[in-house]
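**Q** Attaching a single structure in structure tokens format; questions to follow.
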Amino acid sequence: MGVPATDLSTLSLPGWAVPTAPRRVAVAGQAIRIRREWWQRSIASRRLPGAPPSASTLTRADVWEPGEDVFALLWRTLAWGSGSHLRQNSARLNSIERDLPRAAELLTRAAAESRRDPARAYAVLRPDRHNLIPGLGPSFFTKFLYFAGGGAPGHPCLILDRVVASALREFGWGSLHRAGPWPVDSYERYCGLLARWASEHGCAPDEVEAAIFSGRVTRPASTRM
């Protein structure tokens, strides 16, 4: 029997996770060093579409730039999310190379849905217990759904990864799995929860996500609540 779903209406955002820095600094300016040469070489060798990252550092604002080019957006998203650790990116690129038309169709639909409905967007890439693009799981594809918004403050899709999920469990969301993968309804509830907190604190939802992530990473465990 599964754990009963936590009532999120009772959860409050801890003081340390309330955004204080300007969005242009804490969100748009969040910079990650990447393995630029690896991305350029790996994408070119597979003859994959979409321009690879051209700089050694990417900010969130840089990732927002590709617009409607879903593959350029995906490469930047993966590079930003991976930083200096390549993790499973060779396997991800190989899976996309094996069925490029299907990947293009799924990414295009997911990007379009991300601007309207988090649940529908999430379900495009993971409708049940399986990722439709092998190797592209929620911790990475929610980044894609978020960046597909082009930096719009009201974009409804947000990044959900194990760092943020672990913090949310500390806040009282006991039914949320720390590491995922998460079902569609959990992602929908997550986006709604952060939208509520953002409204309560007069900021954008991605400011809350960024504050939770950075605070969870940098604060000692004994001071997080």
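What follows is calculated from the coordinates using simple rules that are stated; it is not laboratory data. Owing to the predicted nature of the structure, the values given are computational and were not obtained by experimental measurement. All Cβ positions, even for glycine, are placed from backbone atoms using ideal geometry, and neighbour counts span all protein chains on display.
**Q** Need one word for the stretch 1-130: rounded, prolate or oblate. Basis is the Cα gyration tensor (sqrt eigenvalues a ≥ b ≥ c); a/c below 1.5 gives rounded, then a/b vs b/c decides.
**A** oblate
**Q** Using only Cα atoms and rounding to the nearest 10 degrees, what angle (0 to 90) does helix 36-45 make with the longest principal axis of the chain?
**A** Computed tilt is about 50 degrees.
**Q** Right, here's the next one. How high is the relative contact order of the chain, given as a whole-number percent (alpha carbon pairs under 8 Å, six or more residues apart)?
**A** Rounded, it is 23 percent for the chain.
**Q** Could you work out the mean projected area of the convex hull around the alpha carbons of the chain, in square nanometres to one decimal?
**A** Mean projected area of the Cα convex hull: 12.0 nm².
**Q** For the Cα atoms of the chain, what angle does the longest principal axis make with the long axis of helix 162-171, in degrees from 0 to 90, nearest 10?
**A** Rounded to the nearest ten degrees, it is 10.
**Q** Tell me the angle of helix 205-218 to the major Cα principal axis of the chain, expressed in degrees between 0 and 90 and rounded to the nearest ten.
**A** Taking Cα atoms only, the helix is inclined about 90 degrees.
**Q** Now a separate question. Taking a spot 7 Å from the Cα of D7 along the direction of its beta carbon, which residues of the stretch 147-190 have an amide N less than 17 Å from it?
**A** Of the residues in the stretch 147-190, 172-176 have backbone N under 17 Å from the label point off D7.
**Q** Counting other C-beta atoms within 10 Å, which of T77, T108, T10, T142 has the fewest, and how do the rest follow?
**A** Lowest count first: T10, T108, T77, T142.
**Q** For the chain, what is the mean residue ellipticity at 222 nm derived from helices alone (per DSSP H run of n ≥ 4: -39500 (n - 2.57); sum divided by total residues; nearest 500 deg cm²/dmol)?
**A** Mean residue ellipticity at 222 nm (helix-derived): -15500 deg cm²/dmol.
**Q** Turning to a different aspect of this structure: Please identify, among P19, P118, P134, the residue showing maximal mean-square fluctuation in a Gaussian network model of the chain using a 10 angstrom Cα cutoff.
**A** P134
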